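Trainee: Let me begin by handing over the structure; questions about it come next.
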Amino acid sequence: MMPEDLRTIAMFDWLKNNLLLTITACEPASSDASFRRYFRIKTPDQQFIVMDAPPTQENIEPFIRIAELLKLSQINVPTIFQQNQTDGFLLLEDFGSQCFLDQLNSRTADDLYQSAFDSLFKLQTLTSIKDSGLPVYDQPLLHRELAIFDDWFLTQLLDIQIPAAMWDRVRTLLTASALEQPRVCVHRDYHSRNLMVLDSNSPGVIDFQDAVIGPITYDLVSLLRDCYISWPEQQLAQWRSIYFERLRQAGLINCSASQFNRWFDLMGLQRHLKAIGIFSRLHLRDGKSNYLGDIPRTLNYVTTVCAAYPELAEFNEFLLRLRAAEGPALSGVEV
């Protein structure tokens, strides 16, 4: 059922009176972890996606600008047919409703991930970061993201304080690892819910408006250590090794496999700590409590990586004590 509010009234006014579209059907298509909403509309000839991004809460200009940038890099992003920046509406190409997460299983994973690797490789090799106009994933941004874990998960959700010296050591380690990596264009949410399965030129890539210039392992670990689906470590290591060799042969990296794996692990740790904080914020601030179910899997990634690095042993003990104290809400891991 369509929600009836001032935003949808304004949206229909734009579609019907400004764009002169004859709408035969309209239904919610999806929502995400922001204030944006998406609707699928049908006309007598075709169907579209309408993005609803309230201007007081969302800025659609980066989406428009980065969509143009990624198209130049041969990334299959939705075509923007019409835009209304004043009111925060976009009329977009419809990539359908099947994302990678809907179709990933042991039989399909190799083919789906190969297409994702191909698209990621284009993003990293064909996008000129010098001329991109994208912000840099610098130390202040890394620290702000890590603060989401401390503020929303530890402090607000669990009412727990982490020892300041311990947290400072974790932040220093993760930030240094991120900043020493080669820099490329980073999608920043390159995972199974943002890759759409298409009949041709798959995947369709969405939710790219937060792209930055940043560490070369960021999108790879987002894809392979996905907050919404997990794989056996042996399989993950095989995929990572294949992509590492591809980057090495292209001259994008000049490091050992062990160094690359360390970058990958610590980048994933930074991302997963941020994600746990975001899932907590979505529950506490936005009433989107379904994301709480993704915390156990994500926290399991964190403790698994921490256990592999002696310099993170103290932090790992803190997290394991926390998980034991909180019980099933944090210990159950969905695979």
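Trainee: Of all residues being farther than 21 Å from Ser200 by Cβ and in contact (Cβ under 8 Å) with a residue 40 or more places away in the chain in segment 78-111, which is surrounded by the fewest Cβ atoms within 10 Å (Cβ to Cβ)? Just the residue, please.
Mentor: Out of the qualifying residues, it is Gln82.
Trainee: In the list Leu120, Leu72, Leu21, which residue meets the criterion of being in the same structural domain as Leu195 (by TED's automatic domain parsing) and out of contact with any His (no Cβ under 7 Å at 6 or more places or on another chain)?
Mentor: Selected residue: Leu120, the only one of Leu120, Leu72, Leu21 that is in the same structural domain as Leu195 (by TED's automatic domain parsing) and out of contact with any His (no Cβ under 7 Å at 6 or more places or on another chain).
Trainee: List the helices (runs of 4 or more DSSP H) that sit entirely inside segment 259-335 and contain at least 3 residues that are at pLDDT 95 or above.
Mentor: Because the criterion is at least 3 residues that are at pLDDT 95 or above, the helices (runs of 4 or more DSSP H) in segment 259-335 that meet it are 295-307, 313-326.
Trainee: Only one of (1) surrounded by fewer than 17 Cβ atoms within 10 Å (Cβ to Cβ); (2) part of a loop (DSSP other than H, G, I, E, B) is not met by Ile75, so which one is it?
Mentor: Result: Ile75 passes all but (1).
Trainee: Can Gln82 be described as outside the structural domain of Ile206 (by TED's automatic domain parsing), out of contact with any Pro (no Cβ under 8 Å at 6 or more places or on another chain), modelled with pLDDT of 95 or more and under 30 Å from Asn17 (Cβ atoms)?
Mentor: yes
Trainee: Within segment 210-221, is there a residue that is of a type in the set (D, E, K, R), surrounded by fewer than 21 Cβ atoms within 10 Å (Cβ to Cβ) and over 10 Å from the mean Cα position of the chain (by Cα)?
Mentor: No, segment 210-221 contains no residue that is of a type in the set (D, E, K, R), surrounded by fewer than 21 Cβ atoms within 10 Å (Cβ to Cβ) and over 10 Å from the mean Cα position of the chain (by Cα).
Trainee: Something else now. Inside segment 95-119, can you point out the residues that are in a helix (DSSP H, G or I) and hydroxyl-bearing (Ser, Thr, Tyr)? Give the steps one after another, and end with the answer.
Mentor: Residues of segment 95-119 that are in a helix (DSSP H, G or I), as a first pass: 100-103, 109-119.
Within segment 95-119, Tyr113, Ser115, Ser119 qualify.
Trainee: Could you check Ala33 against (1) closer than 22 Å to Lys288 by Cα; (2) touching a Leu at 6+ places or on another chain (Cβ under 8 Å); (3) modelled with pLDDT of 95 or more and say which number it fails?
Mentor: (3)
Trainee: Surrounded by 15 or more Cβ atoms within 10 Å (Cβ to Cβ) and in the same structural domain as Tyr291 (by TED's automatic domain parsing), is that true of Ala53? Walk me through how you get there before you give the answer.
Mentor: Values: surrounded by 15 or more Cβ atoms within 10 Å (Cβ to Cβ): yes; in the same structural domain as Tyr291 (by TED's automatic domain parsing): no.
Here the answer is no, as Ala53 does not meet what is asked.
Trainee: Return the residues of segment 254-268 that are among the hydrophobic types (A, V, I, L, M, F, W, C) and closer than 13 Å to Leu220 by Cα; say none if nothing qualifies.
Mentor: Phe260, Trp263, Phe264, Leu266, Met267
Trainee: Moving to a separate point now. For Arg144, work out the one condition from (1) assigned by TED's automatic domain parsing to the domain that holds Tyr38; (2) in a helix (DSSP H, G or I); (3) not aliphatic (A, V, I, L, M) it doesn't fulfil.
Mentor: The single condition Arg144 does not satisfy is (1).
Trainee: Restricting attention to segment 225-258, which residues are hydrophobic (A, V, I, L, M, F, W, C) and either in a loop (DSSP other than H, G, I, E, B) or touching a residue at least 40 places away in the same chain (Cβ under 8 Å) (or both)? Give the derivation first.
Mentor: Keep residues of segment 225-258 that are hydrophobic (A, V, I, L, M, F, W, C), which gives 227, 229, 231, 236-237, 239, 242, 244, 247, 250, 252-253, 255, 257.
Matches in segment 225-258: Cys227, Ile229, Trp231, Trp239, Ile242, Leu247, Ala250, Leu252, Ile253, Cys255.
Trainee: Turning to a different aspect of this structure: Any residue that is under 18 Å from Pro78 (Cβ atoms), of a type in the set (S, T, N, Q) and surrounded by fewer than 21 Cβ atoms within 10 Å (Cβ to Cβ) - is there at least one of those in segment 201-208?
Mentor: Yes, there is a match, as at least one residue in segment 201-208 is under 18 Å from Pro78 (Cβ atoms), of a type in the set (S, T, N, Q) and surrounded by fewer than 21 Cβ atoms within 10 Å (Cβ to Cβ).
Trainee: For segment 126-142, how many residues meet the condition of being buried (at least 17 other Cβ atoms within 10 Å of the Cβ) and either more than 20 Å from His191 (Cβ to Cβ) or within 18 Å of the chain's Cα centre (by Cα) (or both)?
Mentor: Of the residues in segment 126-142, 4 are buried (at least 17 other Cβ atoms within 10 Å of the Cβ) and either more than 20 Å from His191 (Cβ to Cβ) or within 18 Å of the chain's Cα centre (by Cα) (or both).
The values are calculated or read from the model by the stated rules, or taken from the named source; none is laboratory data. What you see is a predicted model; the values in this text were computed from it and never measured. Cβ sites come from the backbone with ideal geometry, for glycine too, and all protein chains shown count toward neighbours.
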